[in-house]
C-alpha cells in the first residue's frame, strides 16, 4: 500500500491565521461533508466569504501552513487521521450560476447538475454531460472531469483561479494544459469561477438528454450508495472496470468497503467502512489487476490527509 503519514493533529493553528470575513472552525469533522462519509477532522476548516476574502487569506497566511481544497467531497477519500493545516470549502458565494448569451458563468462551488439545469432553463445545450459528473464545478475543472464522450475542457472558455500568493488570474482553456483527467495548473492554485460555452437549443431536447443520462446512471452505477464515483482512471485503450472484472475483483471487500457489484470501478461504503478499509481495498484491486493483466491502475479518487494507526483487514472476495 502507498506509504502515508501517521500523525495526530493537535494545535492552535487557528490563532496564527489572518483575520477574514469568512468562517473558520477548528477540529471540524470531515466525515459529515464527503460522500464516502469517512475520515478524520480538519485541523481548521475555512469557508471564505467571497473571492477577495480567499485571496486575502492566501496572501497573508503563514508560509508553513498548507491548504487543501475539499470541494463538496464527491471524488475525495479523507484519511482517518484527518487533514493538517487549512481545509478549504467554497460556500454560497461560489455557488452562483447565470447565463450570458450561449454561455454560462458558473462558480467553482456550484454543483455540476445545477449548472446544467441553469443552462437548460436558458435554452443552452451542449453541457448535458456534466449532469453525469458528480460534484462541483471546481472539481470538474481541476480533474478535467468527463462523461458520455465529453470532457470539461471541451466546453471551457476561461477560468478564474487564485495562485498560492493570493493573486487572481483569468486563464483560457488552452493555458490550463488539460490532458485526460488532469489539469496542468501548478500545485496550490484554486479555481473560483468558469465560463462554459454552449449552443442555442430547444429546452425540450436538452431536458431529454439530461433524462437519458439520469436513467443510464441509475441503471449502471451505485449512485444511491456512499461512493466517490469512478475509483480508477481508464488506462489508454482500456476500461478500468473491465480490468477489475477480469481480475475477479467485483464484490471484493475489506471490512465495510466493497467494489460495487453493480459497477466494479466504484468503491462503496456499505455502512461501517473506514477510510483505511477503502484505501486498502483500492490498493488490493490495483495489485490484483497488475498481476492479472500487467497494467497498473491509476487512482482517480484523490486521497488526502493523514493515516491513522488502525488494525489492517484482509480483502475478501
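The values are calculated or read from the model by the stated rules, or taken from the named source; none is laboratory data. On a predicted model such as this, the values are computed, not experimentally measured, just so you know. FYI the Cβ positions are ideal-geometry reconstructions off the backbone, even for glycines, and counts take in every protein chain you see.
Couple of notes before you dig in:
- Flag for residue 123 being over 16 Å from residue 51 (Cβ atoms), surrounded by 15 or more Cβ atoms within 10 Å (Cβ to Cβ) and at pLDDT 95 or above: yes
- Screening the candidates 104, 76, 83 for the property of being surrounded by 21 or more Cβ atoms within 10 Å (Cβ to Cβ) and more than 20 Å from the chain's Cα centre (by Cα) yields one hit, 104.
Conditions (1) in a loop (DSSP other than H, G, I, E, B); (2) modelled with pLDDT of 95 or more, marked per residue:
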residue: 263; (1), (2): yes, yes
residue: 273; (1), (2): yes, yes
residue: 276; (1), (2): no, yes
residue: 279; (1), (2): no, yes
residue: 290; (1), (2): no, yes
residue: 295; (1), (2): yes, yes
residue: 310; (1), (2): yes, no
residue: 314; (1), (2): yes, no
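Every residue, every condition in (1) closer than 30 Å to residue 241 by Cβ; (2) touching a residue at least 60 places away in the same chain (Cβ under 8 Å); (3) under 20 Å from the mean Cα position of the chain (by Cα); (4) in a helix (DSSP H, G or I), yes or no:
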position: 161; (1), (2), (3), (4): no, no, yes, no
position: 166; (1), (2), (3), (4): no, yes, no, no
position: 175; (1), (2), (3), (4): no, no, no, yes
position: 184; (1), (2), (3), (4): yes, no, yes, no
position: 193; (1), (2), (3), (4): no, yes, yes, no
position: 204; (1), (2), (3), (4): no, no, no, yes
position: 207; (1), (2), (3), (4): yes, yes, no, yes
position: 216; (1), (2), (3), (4): yes, yes, no, yes
position: 222; (1), (2), (3), (4): yes, no, yes, no
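- Test: residue in segment 107-122 that is more than 22 Å from residue 146 (Cα to Cα) and in a strand (DSSP E or B): no
- For segment 25-44, the set of residues classified as touching a residue at least 12 places away in the same chain (Cβ under 8 Å) and in a helix (DSSP H, G or I) consists of 30, 31, listed by residue number.
- Restricting attention to segment 45-65, the residues being more than 23 Å from residue 107 (Cα to Cα) and in contact (Cβ under 8 Å) with a residue 12 or more places away in the chain number 4.
- Filtered residue count, segment 224-238, keeping only those that are outside any strand (DSSP E or B) and under 14 Å from residue 147 (Cβ atoms): 2
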